[in-house]
Amino acid sequence: MNSISMVLILALAFLAIGLSSAEDVDTGIDEKVEGAYDVAIANASWVDEWVEISNLGEAAQDFTGWTLKDEQDHIYAFPEGFTLASGEDVMVHTGVGDDSATDLYWNLGNPIWNNAGDVAALMDGEGKLVSQYPEPEDEQNDAVDAEST
């Protein structure tokens, strides 16, 4: 085998490895970014119009470019440079108010959350799902199964 053939074979092998790795990393908008962030929607009140987000990790999380949305695609964009410290929570309110480290305001004049039940989705700066509240049925069932064993 000559050196050109060997180089071509090695190049194809590296290309194949790269493609299979890229397929493993690719996540759609409906797929949660598993293990990428230690941030979760901890609670929500559809009636009182707020969503609570917790940083469960050991490091602060920068929310620049992140969004929170409902099923009807009402989208809240986190303020540029907003950072949630490790172990801290922030409440995102639909109504009007002044932002602080613990409370952020959408500044909407009308409620958006469906009082009979809704879904809040926290998206990272690339538009990938970080957390959803309530959790999808299959994840809730997995948690119940794990607790019962």
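Just so you know, all these numbers are worked out from the coordinates, no wet-lab data involved. It should be emphasised that the depicted structure is a prediction, and the values quoted were computed from it without experimental measurement. In this analysis, Cβ positions are derived from the backbone assuming ideal geometry, glycine residues included, and neighbour counts consider all displayed protein chains.
Here are the numbers for the structure shown:
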item: Most to least packed among 96-108, 39-51 [average Cβ atoms within 10 Å]; result: 39-51, 96-108
item: Calculated P(r) tail over 22 Å for region 39-148, as whole % of Cα pairs; result: 30
item: Simple spin-label estimate for Asn115 and Ser86 in nanometres, 7 Å along Cα-Cβ; result: 4.2
item: Rough spin-label spacing in nm, given labels placed 7 Å along Cα→Cβ, for Thr67 and Asp99; result: 1.6
item: Net charge of neighbours whose Cβ lies under 14 Å from the Cβ of Asp48, counting Lys and Arg as +1 and Asp and Glu as -1; result: -4
item: Residues Ala36 and Ala77, FRET efficiency given R0 of 25 Å [Cβ-Cβ distance, rounded to 0.05]; result: 0.80
